[in-house]
1. Beta carbons within 10 angstrom, averaged per residue: use that to sort the peptides 427-436, 230-239, highest first.
2. Which whole-percent values make up P(r) of the range 54-195 when all C-alpha to C-alpha distances are grouped in 5 Å steps starting at zero?
3. Principal axis extents for the chain, Cα atoms only, whole Å, descending order, please.
4. How far apart, in nm, are the 7 Å Cα→Cβ label points at residue 338 and residue 180?
5. So if R0 is 56 Å, what FRET efficiency would residue 162 and residue 223 give, r being the distance between their Cβ atoms, rounded to the nearest 0.05?
6. To the nearest 20 Debye, how big is the dipole of the chain about its Cα centre, given +1 on the beta carbon of each Lys and Arg and -1 on that of each Asp and Glu?
7. Using alpha-carbon positions, what is the distance between the centroids of the range 212-231 and the range 356-420, in Å?
8. With +1 on each Lys and Arg Cβ and -1 on each Asp and Glu Cβ, how big is the dipole of the range 351-477 about its Cα centre, in debye rounded to the nearest 20?
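Please treat every number below as a calculation from the coordinates, not as lab data. Predicted model only: the values in this text are computed from it and were never measured. All Cβ positions, glycine included, derive from the backbone under ideal geometry; neighbour counts span all protein chains shown.
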Amino acid sequence: MTGFSPRVVPRAKALGLRLVLALLLLTDATDATRLRSDGATASFAHTTQSALATEFDALFNDPRFARALWGVRIESLRDGRVIYTRNSDKLVVPASNMKLLTMAATAERLGWDFQFETRLEAAGTVTDGTLHGDLIVVGGGDPSIDSIAFGPAPVFEAWADALKAAGIHRVTGHLIGDDNLFDDAGIGPGWAWDYLNDGYAAPSSALSYNENIAIIRIWSGATEGAPARVETSPAGHGLTITHAITTGAAGSSASISQTRGLLASEVALRGSIPLGRAEPLVRTTSVHNPTAFFVGGLHAALADRGIPVRGGAVDIDDLPAAPATDGRRVIATRKSQLLSSLGAYFMKASQNFYGETFLKTLGQRFGRGGTTTAGRAIASETLESWGIPDGSFVMYDGSGLSRYNYVSSDAIVTLLKHVWNTERLRGPFMATLPVGGQDGTLGSRMRNTALAGKVQAKTGTIANVRSLSGFVDAPSGERFVFSIIANHFTVGSAAVDEVAEKALLLLVR
């Protein structure tokens, strides 16, 4: 991304503004404090800020966005100056900028040291290496139990070892997945039906595995025209994959269509993949029963380690009666990484189902039940206690996928300022944010510009929504907090990014 184009304003004004900003940057903090008390200098600074506002207006008045809505607020963290606002009090759809609200409220209420816990329990008696009863996995909402290298989760193998250490080599009963800590509404309110099969819209559950997605890998055949090879992992996904994918000419483009009925378990693939492609083509799809996925994967892993479970794997909701809790013993416990680490992945990768899990955990931990409704009530109370007024945001989910979400740029900036000014929140929260030109969802943006390494911000994207909110550092050392959200545009998202990044370049210029 290049710097601000001088075509937006007359060249003389642009050169004059550069000179004014250079003079301001040469003034140290002590002199600036002294000079601000001088009327002539205050007038000079006001004139400079007005000129800057004119340049911002020129950017956001781009004819390509004549029918769009921009919500913008930019402030200085050094002295609280409001640099620029545009519709900053208006409610706009935030997309994944909703994650800023979810992350901040979760950290405040649970603490950065919070860990999720998942337990493997045994019910019954053990004789001659056989458990005459059931194994029960009690979910605690951990979103981070993942397959490794397309195989089983490491915890599954550790639990096989724990069972053998407990003298259990066979199980006559079921392997039961207990997901009752949360409700069964895995899909967030206001999610669009046409993306529910996509990996980024995977449902939440108290028992989750591999981010509740199945991974489909496609390799070319040995010769042109030969059928492709398709594999789906990890075990336990419960999907039926059919394909009519052929091997195209070497150097051709891959073209794969993926068809699946709403909430169906059958996935059909069609298309072609070029001969000799070095790496497999990868597609993902959501798994609609995470609990069955979890225990199905664990069941397969135990069998591979020589521990058959004769009754098979089952979701607790499919049993005629819930298993008794009396007489159980804990075989093994798995604790997640700290919330600070999980939060960094949630924000940098913009992992949607983490947000839904965090929200339900808030509701469950504070006695209102593991539901989205309960979680957002806790989150809303927390945000309002920080001076973010009721009505400046409408929170329906934790990820930002919902079209029912609304927030103002004023509210986001207020939240970010609160986090910045709260020492116990600041460091870990800042570490969760993507860095321009370096990592996360900003890793491929802002490279080779003055913004690279200087912007820490959360991105957001759903159809006709693009958002960017966070912090940017100027060469002077001054740090700005900002929220830039576009709604209702019909041009490509790259054009929105261009305007937002030019606005930030004005600040650091």
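1. Listed from highest to lowest mean packing, they are 427-436, 230-239.
2. P(r) for the range 54-195, in whole percents per bin: 2, 6, 9, 12, 12, 11, 9, 7, 8, 7, 5, 4, 4, 3, 1, 0, 0.
3. For the chain, the Cα spread along each principal axis is 92, 59, 34 Å.
4. 3.4 nm
5. Plugging the Cβ-Cβ distance into 1/(1 + (r/R0)^6) gives 0.70.
6. About 1480 debye.
7. Taking the Cα centre of the range 356-420 as reference, the centre of the range 212-231 is 42 Å away.
8. Dipole size: approximately 260 debye.
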